[in-house]
Every structure is written in structure tokens, then in C-alpha cells.
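The values are calculated or read from the model by the stated rules, or taken from the named source; none is laboratory data. No experiment lies behind these values; they were computed from the predicted model shown. Note that each Cβ is placed from the backbone with ideal geometry, even for glycine, and that neighbours are counted across all protein chains shown. Ligands, DNA and RNA are stripped out before the accessible areas are found, and what is left, the full protein with its side chains, is counted by its heavy atoms. Shrake-Rupley method; radii C 1.70, N 1.55, O 1.52, S 1.80 Å.
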Number of protein chains: 2
Amino acid sequence: MKQHYDVRLDKMFFPRSVAVVGASEVPAKWGNLILTSILGWSFPGTVFPVNPKKDMILGLPAYPSLRDIPAEVDLAVFAVPAQLIPEGLRDCAAKGIKAAVIISSGFREIGAEGAKLEEEIAAVAREHGILFMGPNTMGIVSAHAFFEAIPTPTGPEPGGLAVISQSGNIGLQILKWISHRNIGLSIYAGTGNETMLKAHEILKYLGARDEVKAIAMYIEGIDDGRAFSTVAAEVTRKKPVVAIKSGRSQAGSKAAQSHTGSMAGSFAVYSAMFSQSGIIQVSTPTRLLLVSAAATHLPAPRSNRVAIMTIGGGWGIVAADECEDAGLVLPPLPDGIVEELDAILPAYWNRRNPVDVVGEGDPNLYLTVIEALARWEEVDSVIALGVVGRSRYVEDFIAAQEKLDGKLYTRELKLSILKAQIQAEELTLSGIARIQKESGKPIVAVALTAGGLSLADTSHGKVFVLSTPEDAVSILGHLSWYGRYLKENGPA
Amino acid sequence: MKQHYDVRLDKMFFPRSVAVVGASEVPAKWGNLILTSILGWSFPGTVFPVNPKKDMILGLPAYPSLRDIPAEVDLAVFAVPAQLIPEGLRDCAAKGIKAAVIISSGFREIGAEGAKLEEEIAAVAREHGILFMGPNTMGIVSAHAFFEAIPTPTGPEPGGLAVISQSGNIGLQILKWISHRNIGLSIYAGTGNETMLKAHEILKYLGARDEVKAIAMYIEGIDDGRAFSTVAAEVTRKKPVVAIKSGRSQAGSKAAQSHTGSMAGSFAVYSAMFSQSGIIQVSTPTRLLLVSAAATHLPAPRSNRVAIMTIGGGWGIVAADECEDAGLVLPPLPDGIVEELDAILPAYWNRRNPVDVVGEGDPNLYLTVIEALARWEEVDSVIALGVVGRSRYVEDFIAAQEKLDGKLYTRELKLSILKAQIQAEELTLSGIARIQKESGKPIVAVALTAGGLSLADTSHGKVFVLSTPEDAVSILGHLSWYGRYLKENGPA
């Protein structure tokens, strides 16, 4: 049975051929949006538009029904009115199609009549051995297959983060973030009403796939808590799973009930279940993105003890405050490191953790300090505040100089200043990547100026760059919780 | 005495002529950075570089000393080694200069010797009736005067937000945000060591200025709590003051002590003092920016009761959860509004607050719902989730269509789709601005795709657009706290 599931899930996420039922040329219709997303990327398989009223759609031959397609079809994507789905699934059966994504809404979420129709499509699917995602989902993305059946194209870089979302809008927002930040996606699954395919079954599938390095979940409600926690406990021993359970408040819980119709259940029960099964729990979709992206790219620290380097006192204080809230601890600097840094920092340096390098701007100095902190056995992660992002300041500085009457600086001099700054930052970032690789400890940079998260590519690997101390601290707080969970429960 | 202060502060923030002591042509030297910022904007006054080794600096005649300047000077900005400051202040006295900004560091923050020098400069200044900001400050900005003496040019749009910061790095970061987001600045004051001029004296000055609509403060430590709270209680009755007190944790408090050398004191004491004097308290610099920018542009709601409209169920749930954390309440929809919305929403709409408009994409529908919610007497603010930001999705959609072999859509059709979307969003935003103006209640929009805060300009005024529900909720939570404070304590 498990094998059976996996074969059909492979057909869903790695199809060689796809039929879009309800394909359309009319802009903004779902059948147009979905087909455009599929065709607009680099999907190497065959695409069959299905529409009884057209011969050609977006340049492809169209077929009146799934039964008329003159080739094998791995996956059917439905974007037709709800009442046409039972017939569509019977067409799948006749055609030998075993996997479907039902985008269409108009089921349980609209009331009793829709619920009856939803039972009917489940019965038809079960009768014929068809596995479907949805209904009432905004679709799926499989980046390594260059396949996305969603209403807005995202075309993310293929990578290691997988996403399971019980909300279409939040899922799409997360997908756009992943795509625009180059975090790298493996699979996105919008589960919709979860009539057949439940979140935990997709979690299990993703847990077994090697290219999936971390999994993010947006959860509104889970019907079978026991099945979910059993799967989760298995998966989290192999890779990090980050989840938000929405509806934790009274008002939110009521809204969740009326949204997907699922019983939201007590938040405390979910929270305890998440903790016990090793799921990293976050409280907002923004944190879900940041922490799961970090879990994809950074090693989990083995403890909650952190060292901080800052180029400005204020940031160090703010970061230290956040650490306490996040359950992170800042051990005092040992004499050995104080002596080591005495040799390179101004006489009046603060001799504390956070280490304030007092505005010095030399990347080699930064790296010497970061390396000393990463070598320190009492800490398992390092935050470097303000060491990158100055090039934006330099750009503003050069723009201001352009306005000077004297035009004292030649274009060459100005460009050389900017180039020197950019080179200094590249040196810093690649040094951080190297130290991270050598120490096995996550080293997170906070830029002066970035907007949100960016992943810097260097010759030694990627560096995680955030725009605020609180984001860096939150990430390390959550990852170190997971690191300690693994230590107690042992990796698989 | 108060009068005296104000005259010298006017000279500091609205100088007709400025001398830069330590002006330099060497890139990256402080005297070069500061002079570049001043000259790179649109300062209408006269600028005098002071440097004994040069005749001309950045195209301007340079003078060996302040005493040699052949015209009246309102303000001296010092970017020379600390030990030259006493002499520089005596030169100010000889020249009749009553206001100075001392960028130079090397005082109390480097130890006993620096502290002695700091006492000396304070004595010299007092003897000669000179008022100075700093030392150890990254400078000041006065946007309505188009004047900035800081190491990186920001050139913010003149506006209503004023900032007082006890950290240079955090202050500059906030300034860059204000500038890049077009929030509008009046005055920025980096107070440095506060040897003479204290945060509360600047707060008082800003409180009395009509163009200042809200004040943001980054605080590490306050020496005279009584004076501060007296001024704060006066100012907050006229305009909102938002503050972060850093060093609230043990680790952070220790770091703060070694940073500016000020006694951080108990966080609980600060927190109580802020509450009692009507200061809106936030816990991170990011929130400081968001909430103070909101306080500049939005009316304070008269209560903590909020209505939410969402175009996706998930966002509604997440926002409702955050509301509970922020002390905001979501009253149930009254029958009157349910009946009103029954007429325009699908039969299965959720009939709850948050109102889920179930994916409908019509701006007139959005505005009808928002208007009904804004008219509702039981709530004093409205959050509109997902109503703007889709044009980014449409851009991605059009980009995907460009890749289609069939090239079915003409360029004209594609542009018309994008144009229609942009027009729909403009209609939505200007409708929100109109409803906000008519109702007197803040209406905050959350976009699908924006990165952080943006201020949308419409024919009816500006609309506050955020990228996450939690930011919108946090803003309204803080502003409604202030609204209730004003109701209890009465505006001035």
C-alpha cells in the first residue's frame, strides 16, 4: 500500500505527461493561469490541454476529453467546475491515469451540498485506485522536474526546501519568497481539503527523498494526530521539519474552523505533539520561511550557546536582548580569547560577548575575530552583526559626491572605492563560509541594509545574510532547539 | 534658559552656515564623509571646510582655523582627534559660534583618560555658552533644512518623523530605512555620549515643533529619569513618541553598560516609566521604525477593537492569532453588516470577523466591504489583507507567457492585463485612503508581495501597506495602546 502511494506520488510530482482539464485561452481563468505556469517554465514532458470547445489552446492541440488523448498521461490537473469532477475522475480511470490534482473549489468549504460532492469524488477515486491532491488547492510545484501547476508562475531554483501548505494564499506567498530569494525549492504541495491525500502522507514522501533537506509546513488542522506524529517523529530524525499551526488564538481558531472546515483542536495539544515529534514550531509565516530556509542551508547548532561579533555597540545589545527571549545563552569570553583579541583590537575594546570591534572596517580583522569565536568550544554558533551591507552606503556616498561642484573625484577613483568595498565584503562572506565549513557551526551574518533574507554565494558555499539581529537570533534559537532534540533522540 | 537652549538648537538644526573642522579630501576619512554628505544634498547655506593643511577642499576655500572664517558661522561640526576638541571649542567661543556637533570619539567610552577629556570639553563649552551634541555621535540630519552631517548621505524626503538615537549604527540604519521607504523625516539626532545635550532636551525641542508629527527613540540609558519622564508626559499628550529601551536582558544590559558607559538601570523601571508617560514601547529597532512611521501617518485608533477583511482564509487566521497576542479584539460581526455583505458575497461566505471575501478580485467589492467595516461603530481600525500586491503576480504571469511558443497573446493584450491590474490596485488604494479620511479610523493594507513597509500615494492621501499580517497587527496594537492612553490622559 505504501509502495502504491509512492508510485502515484511520483507520477504526481515527476510526471512525464500532464493533462490540464479545463485549459483555456481566456486570461485570468484558472485553466488559463495553470496552463500558463506549466508552459512558461522548462517542463520537459508533454502537456495536453483538455477542452471540448477548442482545437488548439496556447499553441497546443486540445482534446475534448481525457479519453481522447492519444498518449499515456501520468497526471491530470483539474480546473473545471466542481460538478464535473466525478466524470473527470471516471475519465482518468478509463485512460489509466492514477494521479490527479484537483484545483477546483466548491466542495466541503461551501456547505452540505459541496460536502456530498466531495464524498462522491473520494469514492470514485478509491474505486479506481486514483490518488488526488485537493480539491480546493492552488496546486503543486516540483522544481527538480521544472513543473508547476499553480495560478501564478514562480519558477524557483531547484533546491532542498519542501513546503506543505493547508492555505493556498499563504503557500503562494511562501513560494514567491523562496523564488525571489533563491532559497531553492524541491516540492511544494498545497493540500487543499485533504480529502484523500493528507499532510502527513506528503510529509512521509518528502522525508524519504534525498534532495529534500528541510520541510516547511503551514498547518490549520490535522484529523489524524496519531498518524501525523508517528510520521513526523520518523522524518525529523532525518531532516528538520518546521511548522506553524495557525488558529492558536480563540478568534483564529474560529476562523480556521470556517476556512477549511477542519477541527482546529486545542493549540496546546498541537504544540506538545510538535515538540514531542521533533517539529520546530514557529508562530508566523515569515518565521516559517526564515527558519525553514535556514534549516535547509545551515547545520543545526549542538547547543544554545552563542557568540556575537558586532561592529556597533547598539546592535550587540539588541541582539543580546533577543537571545534571552529566544532561549539562547551568551557565555562570558574566556581569558584565552580575550588575550587573542587584545592583540588586534583597540585597547579599549569591551572584552565581552558580544564582542564590539568598535567600528573597525577591516575584513581580515572581522574574520580573525569570527574564527576565534567559532573555535571557542563553549559556543555552537556565531552571529556577525554589520560586517556586510556597507556597499549600499558606499553607493549612496558616491551618488552624493556626483553632485559636488568640484567634481574632485574622478569616475575611476569613485569606482575603485566601490570596488574595494565590494571586494572587502566578498572576502568577508567567503571567509565566513569557510569558517562555517571548517567549524561545522552555523555562522549567520546580519547586514546593515538588506531587505529581509538573502543567500550570498561564495567560493566556499552559501552564507545566510539577514537584515535584523532578531531574525538571526530567531533562526539560531529554533535550530538549536532542533539540535538539542536530535542529541536527545538521536539522528536516524 | 529654555529660550537660550532653543535658540542654540535652532542654530544646530537650521544653520545658515556650517564649518566642518577636520574637513578632508581623503576618501573614507570622517572629515571627508561628513563634508560629502553636507555638500551632496541641497543645503542652501554656506559651508566652510576647516583644515590647516589645505587651501581648497572639495572645491571650496578651506580655512586654517574657525577663527579665520571671514563670515558668521551658526554651527561647527568637529571631525578631528579628541584631543583637539578643547581648542576647537575655544575657537568657537572666539568666533561667536554657539552650537557644535562633536562627531569625534575618544572620550568616556575609551576609559578614564577619555572621561577626563570629556569633562574638560564640557567645562569649556559651559564657560563660553556653547551647546554641543555628542561627542562620539555619528551626527545629525535636518531634512526641512536639507542638512545632514552624518558619515553616509541619506537625503530623506522632508516629513513628519523625528528620530533620537543613542546608537550611531542603529540610528543610521533607521535613517536609511526612512529614506528608502519615503516615510519623511524632520530631524535625526544621534546623541552620542550626551555630555551636555540629553535625549530629553531634544525630545522637548521636537515636541514643540509643528512639523514633527511623531518621534522615534532608541534608548540605551537615561541618567535623569525624572526630567525625562516629565518631558515625555508633556510631549506625548501632543504627539506620539515610540521608544525602544535596549539592554532589557541581563546580557544586553551588561553590553549596554560597556557601550556608552551609561547606567542601564532596571528594564522594569524604564518600562513602567514609559507606560506612565505615554511612550509607546517596542522591543526591536524594526518595530521602532514600523510603529513610528505608522504613528506619523495614521490616526491613533480610539480602542483595541479591529475588523479584518481577507481575500484568503489563511491570512485571516494568522492575523487573528497575532491580534490576540497584541491585545487587539475582534468583535463578532453584527447582523446589520452580515445582511449587507450577504447581498454582495457568495452564499457560503464565512459571516465572521475576519471577513473572508473568498478570493473575489473586484476592487469595488473590496471597498464596499472595507467601507462597511469602517462604518461599524464597534471597531476603531480595519486591516485589509491581500487586496494589493497582485500586480507583481501578474508581472510574473506575463513573463511566463512570453516564453510560450504560440505567443498567443499580443504585447498589447499583455500590457492591458497588467494595466488593468495596476489600475484596480490604484482604485483600491485610493478608496482605502478616502475611507480612512472619512471614518477617521486607520485602515492598514497588507500586500501579497511587498518587502517590508511601503507608503502608497493616492489622490486621497497615503496608505500604509505592509508585507505581513503580523506587522499590521503590531502597528495597530501599539497605536491603539496610545489611543487609549490619550483618552485617559487627555490630549494637550
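Determine if the range B:324-339 includes at least one residue that is within 11 Å of chain A (Cβ to nearest Cβ), under 30 Å from A:Leu35 (Cβ atoms) and modelled with pLDDT of 90 or more. No; the residues of the range B:324-339 include none that is within 11 Å of chain A (Cβ to nearest Cβ), under 30 Å from A:Leu35 (Cβ atoms) and modelled with pLDDT of 90 or more. Consider the range B:59-69 and keep the residues that are within 13 Å of chain A (Cβ to nearest Cβ) and touching a Pro at 6+ places or on another chain (Cβ under 9 Å). The one that is least open to solvent (accessible area, probe 1.4 Å) is B:Ala62. Here the strands (runs of 3 or more DSSP E) wholly within the range A:432-482 that include at least 2 residues being hydrophobic (A, V, I, L, M, F, W, C), within 19 Å of the chain's Cα centre (by Cα) and at pLDDT below 95 are A:454-458, A:461-466.
If you go through the range A:347-359 and pick out every residue that is more than 20 Å from B:Trp30 (Cβ to Cβ), touching a residue at least 24 places away in the same chain (Cβ under 8 Å) and either at the interface with chain B (Cβ under 9 Å from one of its Cβ atoms) or open to solvent by 50 Å² or more (accessible area, probe 1.4 Å) (or both), you end up with 3. When the range B:403-419 is limited to residues that are facing chain A (nearest Cβ under 8 Å) and either in a helix (DSSP H, G or I) or touching a strand residue (DSSP E or B) at 6+ places or on another chain (Cβ under 9 Å) (or both), the one that is surrounded by the most Cβ atoms within 10 Å (Cβ to Cβ) turns out to be B:Ile417. The helices (runs of 4 or more DSSP H) falling completely within the range B:321-402 that include 2 or more residues that are closer than 16 Å to A:Asn169 by Cβ map to B:390-402. Condition test on A:Phe267, is it touching a Lys or Arg at 6+ places or on another chain (Cβ under 9 Å), open to solvent by less than 10 Å² (accessible area, probe 1.4 Å) and among the aromatic types (Phe, Trp, Tyr)? The answer is no for A:Phe267. So, of the residues in the range B:102-136 that are among the small types (Gly, Ala, Ser) and more than 16 Å from A:Val358 (Cβ to Cβ), which turns out to be most open to solvent (accessible area, probe 1.4 Å)? Going through the qualifying residues, I end up with B:Ala112. Only one of the numbered conditions (1) among the hydroxyl-bearing types (Ser, Thr, Tyr); (2) farther than 27 Å from B:Val141 by Cβ; (3) within 17 Å of the chain's Cα centre (by Cα) is violated by B:Thr284, and that is (2).
Picking from A:Glu378, A:Glu395, A:Glu371, A:Glu322, which residue would you name as being open to solvent by 20 Å² or more (accessible area, probe 1.4 Å) and free of Cβ contacts under 8 Å to residues at least 60 places away in the same chain?
The conditions single out A:Glu395.
Within the range A:328-337, is even one residue free of Cβ contacts under 8 Å to residues at least 12 places away in the same chain, farther than 30 Å from B:Glu324 by Cβ and open to solvent by 60 Å² or more (accessible area, probe 1.4 Å)? The answer is yes, given that some residue of the range A:328-337 is free of Cβ contacts under 8 Å to residues at least 12 places away in the same chain, farther than 30 Å from B:Glu324 by Cβ and open to solvent by 60 Å² or more (accessible area, probe 1.4 Å). Can you pull out the residues in the range B:12-24 that are closer than 23 Å to B:Glu201 by Cβ and surrounded by fewer than 20 Cβ atoms within 10 Å (Cβ to Cβ)? Result: B:Phe14, B:Arg16.
Determine whether A:Asn364 is within 12 Å of chain B (Cβ to nearest Cβ) and under 26 Å from A:Lys437 (Cβ atoms). Spelling it out, it is not the case that A:Asn364 is within 12 Å of chain B (Cβ to nearest Cβ) and under 26 Å from A:Lys437 (Cβ atoms). Taken as a whole, the condition of being charged (D, E, K, R), at negative phi and in contact (Cβ under 8 Å) with a residue 12 or more places away in the chain does not apply to A:Glu194. For the range B:291-312, the tally of residues that are open to solvent by 10 Å² or more (accessible area, probe 1.4 Å) and either more than 13 Å from B:Trp481 (Cβ to Cβ) or within 13 Å of another protein chain (Cβ to nearest Cβ) (or both) stands at 6. Screening B:Ala115 against (1) outside any helix (DSSP H, G or I); (2) within 14 Å of chain A (Cβ to nearest Cβ); (3) of a type in the set (A, V, I, L, M) leaves a single unmet condition, (1). Screening the range B:25-58 for residues that are surrounded by fewer than 18 Cβ atoms within 10 Å (Cβ to Cβ) and in contact (Cβ under 8 Å) with a residue 60 or more places away in the chain and picking the one that is nearest to A:Leu415 (Cα to Cα) gives B:Ser42. Checked against (1) farther than 25 Å from A:Ile279 by Cβ; (2) more than 14 Å from every other protein chain (Cβ to nearest Cβ), A:Ile183 passes all but a single condition, namely (1). For the range B:420-474, name all the residues that are touching a strand residue (DSSP E or B) at 6+ places or on another chain (Cβ under 9 Å), free of Cβ contacts under 8 Å to residues at least 24 places away in the same chain and either among the hydrophobic types (A, V, I, L, M, F, W, C) or over 14 Å from B:Gly386 (Cβ atoms) (or both). Scanning the range B:420-474 gives a single hit, B:Asp457. Would you be able to say whether some residue in the range A:16-34 is part of a loop (DSSP other than H, G, I, E, B), more than 14 Å from chain B (Cβ to nearest Cβ) and either among the β-branched types (Val, Ile, Thr) or over 20 Å from A:Ser105 (Cα atoms) (or both)? For the range A:16-34, residues part of a loop (DSSP other than H, G, I, E, B), more than 14 Å from chain B (Cβ to nearest Cβ) and either among the β-branched types (Val, Ile, Thr) or over 20 Å from A:Ser105 (Cα atoms) (or both): present. Against the list (1) hydrophobic (A, V, I, L, M, F, W, C); (2) open to solvent by less than 30 Å² (accessible area, probe 1.4 Å); (3) farther than 19 Å from B:Glu378 by Cα; (4) more than 9 Å from chain A (Cβ to nearest Cβ), the condition B:Ile344 fails is (2). Condition check for B:Ser454 on (1) touching a Lys or Arg at 6+ places or on another chain (Cβ under 8 Å); (2) open to solvent by 40 Å² or more (accessible area, probe 1.4 Å); (3) farther than 26 Å from B:Leu288 by Cα: one failure, at (3).
Of the residues A:Ala251, A:Ala214, the single one that is at pLDDT below 90, in contact with a helix residue (DSSP H, G or I) (Cβ under 8 Å, 6 or more places away or on another chain) and not assigned by TED's automatic domain parsing to the domain that holds A:Arg8 is A:Ala251. For A:Ser246, state whether it is under 27 Å from B:Arg390 (Cβ atoms), crowded, with 24+ Cβ neighbours inside 10 Å and either free of Cβ contacts under 8 Å to residues at least 12 places away in the same chain or more than 14 Å from every other protein chain (Cβ to nearest Cβ) (or both). So A:Ser246 does not fit the description; no.
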